[in-house]
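Notes to accompany the following structure.
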Amino acid sequence: MPERRRGAALEKALLDAAWEELTDSGYARFTMDAVVQRAGTSPPVLYRRWSDRDELVRATIVHTLRESLLDIPDTGSLREDVLTLMREINATRVRFITVMSVHLGGYYQETGTSPGDLLDPLATGRTESLDVLFDRAVDRGEIKPELLTERIKSLPFDLLRHEILTTFAPVPDHVLEEIVDTLFLPLVR
């Protein structure tokens, strides 16, 4: 008999099953019952944690983003740190970004939310991760902290996401370098 899951292990198993269901079936066919079956549990176990599918989808996205945080590079240069991180996203996250866009269109329409609502950087831990990268660059004297707004910090990554969503493919390296060298770095120096 399989070991009974509890607490954090159970919640992780439920959210992992929900992510698998979402990526396999899309939001339109995503159901609480399908997640229950995939997770090998009972409906009360799922409904005690999330009252409906939209709440479960949101929790699933936040969980998946937290689980998939990348290590922040420390190359000694802001340019190389940002490029290294963008290259890692480009190499490992194209499918995730595509799923977030394509599969969740119905979710956004039904709930009146947007991708920005699901990608809350505080909930997902992305703010703290990127702050480390930028704090190092400030400490090295590479950038002026007064020029570093939240929008500017997210700019290279927003442009990378835009490029991925226009092609559903990894972005060529010369485009990543152009984003960093031509658009991002001039704004912070």
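Every condition in (1) within 26 Å of LYS153 (Cβ to Cβ); (2) surrounded by 13 or more Cβ atoms within 10 Å (Cβ to Cβ) is met by ASP71 except one, and the failing one is (2).
Listed here are the helices (runs of 4 or more DSSP H) enclosed by region 1-53 that have at least 1 residues being open to solvent by 30 Å² or more (accessible area, probe 1.4 Å) and among the aliphatic types (A, V, I, L, M): 7-25.
Output yes when any residue across region 118-138 is among the aliphatic types (A, V, I, L, M), open to solvent by 70 Å² or more (accessible area, probe 1.4 Å), at pLDDT below 90 and out of contact with any Pro (no Cβ under 9 Å at 6 or more places or on another chain), and no when none is. Within region 118-138 (the criterion being among the aliphatic types (A, V, I, L, M), open to solvent by 70 Å² or more (accessible area, probe 1.4 Å), at pLDDT below 90 and out of contact with any Pro (no Cβ under 9 Å at 6 or more places or on another chain)), the answer is yes, since at least one residue qualifies.
Tell me whether region 47-61 contains one or more residues that are free of Cβ contacts under 8 Å to residues at least 24 places away in the same chain and small (Gly, Ala, Ser).
yes
Summed over region 148-162, residues that are touching a residue at least 12 places away in the same chain (Cβ under 8 Å) and open to solvent by 60 Å² or more (accessible area, probe 1.4 Å) total 1. Could you list, in sequence order, the residues of region 1-56 that are of a type in the set (Asp, Glu) and either at pLDDT 90 or above or within 27 Å of ARG95 (Cα to Cα) (or both)? Residues satisfying the conditions are GLU11, ASP16, GLU20, GLU21, ASP24, ASP33, ASP52, ASP54, GLU55.
Within region 76-91, is even one residue open to solvent by 20 Å² or more (accessible area, probe 1.4 Å), assigned to a helix (DSSP H, G or I) and under 30 Å from ARG29 (Cα atoms)? Break it down stepwise before answering.
Residues of region 76-91 open to solvent by 20 Å² or more (accessible area, probe 1.4 Å): 76-77, 79-80, 84, 87-89, 91.
Right, trim to assigned to a helix (DSSP H, G or I) and you get 79-80, 84, 87-89, 91.
Subsequent filtering for residues that are under 30 Å from ARG29 (Cα atoms) retains 89, 91.
The answer is yes; a qualifying residue exists.
The values are calculated or read from the model by the stated rules, or taken from the named source; none is laboratory data. In this text, all values refer to a predicted model and were calculated from it rather than measured experimentally. Ideal geometry is used to build each Cβ from the backbone, glycine not excepted, and the neighbour counts take in all protein chains shown. Calculation scope for accessible area: heavy atoms of the full protein, side chains included, ligands and nucleic acids excluded. Shrake-Rupley method; radii C 1.70, N 1.55, O 1.52, S 1.80 Å.
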